[in-house]
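Down below is the structure, laid out as structure tokens.
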Amino acid sequence: MSDIPHDPAPPVPGPRADRTPATKMLFAMLIAAMLAVPLFTVYLLVYDRQNQSKTAQSSIAEGWGGPQVVAGPLLVIPYLAQTTETVSEGGKQVTKTGTVWRALSLTPDTAEITSEVKPDTRHRSIYEVVVYEARNTGTARFSLPADLSRYGVTREALALDRAELRFGVSDARGLFGAPPAVKLDGKPLDLQPGKGPRETGGSGFYTTLDASMLAAQPFTVAYDYQVRGNGSLALAPQGGDTTWKVRSAWPNPSYQGDLLPAKHAEGKDGFNAEWRVGNLALGRALVSTGDTEPAQITGGEMPGVFQARVNLVTPVDVYDQVNRSVKYGFLFIGFTFMAFLMFDLIGGARVSPIELGLVGAGLVLFFVMLLAFAEVVGFMLAYVIAAGATIGLLTAYSSAVLGSRLRAGFIAALLTALYGVLYVLLSLEAYSLLIGSLLLFAALAAVMYLTRSLDWGGRKIA
């Protein structure tokens, strides 16, 4: 026989030793942390779809009229004012006097306006926007103040026959239907575009009139005009005592702006609201000899202008609800992973990290399906569809992974309870933090109880 030594045969690899419970827990936490990336991606997707919805709504309402702000009427009377200036001529200071035309602005002593708002919804593809037609009728009473001299103006200097009555409409494209009608003592006045008050950025219409009777007694004007807009209707009150009444068949108003209604009532047939505003609340005098040029609008707001505004809101914004539901994504992942781990550590079922990752992917996919269906069929039905599909998928998969239909039934019951609780959390916004914290406390207590005898550094229960 040969004396050449032979290499010993390589050992046959045996089965891989089981990981310790602590290692399995760390793997589950690592996978859950990695799922933060797709969850954040879903959050960005909701934000992007919401921006697309706003762009589509603006496109639908284009040409109809934007959120409308109405103001006026405002009576503007030219007057001659003396000016004095000192100039240098030939090395000497010379004082010169002259006259210039200026404007005296009078707001009404009392103003009453009623807005009948007729809402409608316009659709394009899966998007919709609330638009409206508003008929504004009202009266305004003007008078010359008894203390006019306080403002450096005399009655003799007023050119009452060249007065202008100005009305403001922030988006004049919305004027529609019969031409606006303005009457003085029952006599209609001719209207011209532009010269709106500063509260509407100069947009609106005006009329010239002979206000000579104002020197002897007050007068009242009546007006009637219709505007189209979308989203909201606002009034920029100006008078000494302004009353604004709004009636509409829209059942979901939201009262915004700087001034809230004195009284209001809402129901399934619509709403009624009434504002009562005085010039003391506005912090402005009834008479002004200052700047009458339009104010600059910045970011949709008019600095120094008070508004009473009503928004015709859509009662359910699916994007806000989906966005809120995504924030509870980790709650779903944590509860579900913990159930699988308990079956692994205590029940004897082997669950690999890959299987946990697939379960997590299914949980994340729920939110994508919820967003996709909510845009088409509404949030409630979309929630039922997405939750049912996810529960069915994960139940069937867990039956194979856990090797037991009974255990899969537990997973199905857990997911059903989680989706039910999430819907309650989304409905009860004020108590969502309280309910969520109680759920987490209960889950932690259950885990601590079930693992009280577990040797985290070993492979079995002591």
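The values are calculated or read from the model by the stated rules, or taken from the named source; none is laboratory data. None of these values were measured; they are calculated from a predicted model. Here Cβ is always computed from backbone atoms with ideal geometry, including for glycine, and neighbour counts include all displayed protein chains. Note: accessible area is taken over every heavy atom of the protein model, side chains too, but ligands, DNA and RNA are not part of it. Shrake-Rupley method; radii C 1.70, N 1.55, O 1.52, S 1.80 Å.
For region 73-89, the candidate set comprises residues that are of a type in the set (A, V, I, L, M) and closer than 24 Å to Tyr151 by Cα; within that set, the residue that is most open to solvent (accessible area, probe 1.4 Å) is Leu80. If you go through region 112-124 and pick out every residue that is in contact with a Leu (Cβ under 9 Å, 6 or more places away or on another chain) and either closer than 20 Å to Val182 by Cβ or open to solvent by 60 Å² or more (accessible area, probe 1.4 Å) (or both), you end up with 2.
All of (1) in a helix (DSSP H, G or I); (2) touching a residue at least 40 places away in the same chain (Cβ under 8 Å) hold for Leu381 with one exception: (2). Does region 416-424 include one or more residues that are over 22 Å from Ala33 (Cβ atoms), touching a helix residue (DSSP H, G or I) at 6+ places or on another chain (Cβ under 7 Å) and outside any helix (DSSP H, G or I)? No, region 416-424 contains no residue that is over 22 Å from Ala33 (Cβ atoms), touching a helix residue (DSSP H, G or I) at 6+ places or on another chain (Cβ under 7 Å) and outside any helix (DSSP H, G or I).
For region 268-279, indicate whether the set of residues that are among the charged types (D, E, K, R) and out of contact with any strand residue (DSSP E or B) (no Cβ under 8 Å at 6 or more places or on another chain) is non-empty. Yes, the conditions are met somewhere in region 268-279.
In this structure, is Ala349 surrounded by 15 or more Cβ atoms within 10 Å (Cβ to Cβ), among the aliphatic types (A, V, I, L, M) and farther than 27 Å from Arg324 by Cβ?
yes
When Gly388 is tested against (1) open to solvent by 50 Å² or more (accessible area, probe 1.4 Å); (2) over 26 Å from the mean Cα position of the chain (by Cα), just one condition goes unmet, and that condition is (1).
The residues of region 177-213 that are over 20 Å from Ser288 (Cα atoms) and assigned to a helix (DSSP H, G or I) amount to a single one, Met213.
Only one residue in Tyr132, Tyr127 is under 24 Å from the mean Cα position of the chain (by Cα) and open to solvent by less than 20 Å² (accessible area, probe 1.4 Å). Which one?
Criteria check complete, one pass: Tyr132.
Flag set for Thr121, criterion: free of Cβ contacts under 8 Å to residues at least 24 places away in the same chain, touching a strand residue (DSSP E or B) at 6+ places or on another chain (Cβ under 6 Å) and of a type in the set (Ser, Thr, Tyr). From the list Asp109, Asp171, Asp161, the lone residue that is modelled with pLDDT of 80 or more and either open to solvent by 70 Å² or more (accessible area, probe 1.4 Å) or of a type in the set (Val, Ile, Thr) (or both) is Asp161. Is it true that some residue in region 309-316 is farther than 19 Å from Gly436 by Cβ, of a type in the set (Lys, Arg) and either free of Cβ contacts under 8 Å to residues at least 40 places away in the same chain or assigned to a helix (DSSP H, G or I) (or both)? The answer is no, given that none of the residues of region 309-316 is farther than 19 Å from Gly436 by Cβ, of a type in the set (Lys, Arg) and either free of Cβ contacts under 8 Å to residues at least 40 places away in the same chain or assigned to a helix (DSSP H, G or I) (or both).
Of the residues that make up region 138-150, is at least one more than 24 Å from Ala181 (Cα to Cα) and assigned to a strand (DSSP E or B)? Among the residues of region 138-150, not one is more than 24 Å from Ala181 (Cα to Cα) and assigned to a strand (DSSP E or B), which makes the answer no.
Looking at region 177-196, can you tell me whether even one residue there is closer than 30 Å to Lys268 by Cα and touching a strand residue (DSSP E or B) at 6+ places or on another chain (Cβ under 6 Å)? Scanning region 177-196, I find at least one residue that is closer than 30 Å to Lys268 by Cα and touching a strand residue (DSSP E or B) at 6+ places or on another chain (Cβ under 6 Å), so the answer is yes. Checking each residue in region 34-67 for being small (Gly, Ala, Ser) and exposed (fewer than 12 other Cβ atoms within 10 Å of the Cβ) picks out only Gly63. Filter region 207-260 for residues that are of a type in the set (Asp, Glu) and either modelled with pLDDT of 90 or more or under 25 Å from Leu280 (Cα atoms) (or both) and give the result. Of everything in region 207-260, those that are of a type in the set (Asp, Glu) and either modelled with pLDDT of 90 or more or under 25 Å from Leu280 (Cα atoms) (or both) turn out to be Asp224, Asp241, Asp258.
Whether any residue in region 322-341 is within 30 Å of Glu133 (Cα to Cα), open to solvent by 40 Å² or more (accessible area, probe 1.4 Å), part of a helix (DSSP H, G or I) and out of contact with any Phe, Trp or Tyr (no Cβ under 9 Å at 6 or more places or on another chain) is what I want to check. Looking through region 322-341, none of the residues is within 30 Å of Glu133 (Cα to Cα), open to solvent by 40 Å² or more (accessible area, probe 1.4 Å), part of a helix (DSSP H, G or I) and out of contact with any Phe, Trp or Tyr (no Cβ under 9 Å at 6 or more places or on another chain).
On the given criteria, is Val70 modelled with pLDDT under 75 and open to solvent by less than 60 Å² (accessible area, probe 1.4 Å)?
Spelling it out, it is not the case that Val70 is modelled with pLDDT under 75 and open to solvent by less than 60 Å² (accessible area, probe 1.4 Å).
The set of residues in region 222-235 being buried (at least 22 other Cβ atoms within 10 Å of the Cβ) and out of contact with any Gly (no Cβ under 7 Å at 6 or more places or on another chain) consists of Tyr225, Leu233, Leu235. What about Thr137, is it surrounded by fewer than 17 Cβ atoms within 10 Å (Cβ to Cβ), in contact with an Asp or Glu (Cβ under 6 Å, 6 or more places away or on another chain), under 26 Å from Leu209 (Cβ atoms) and not basic (Lys, Arg)? The answer is yes for Thr137.
Taken as a whole, the condition of being within 11 Å of Thr200 (Cα to Cα), open to solvent by less than 30 Å² (accessible area, probe 1.4 Å) and at pLDDT 70 or above applies to Val305. If you scan region 174-190, which residues turn out to be of a type in the set (Asp, Glu) and either open to solvent by less than 30 Å² (accessible area, probe 1.4 Å) or touching a residue at least 24 places away in the same chain (Cβ under 8 Å) (or both)? Hit for region 174-190 is Asp185, nothing else. Name the residues in region 266-283 that are open to solvent by 80 Å² or more (accessible area, probe 1.4 Å) and assigned to a loop (DSSP other than H, G, I, E, B), would you? Within region 266-283, Lys268, Asp269 qualify.
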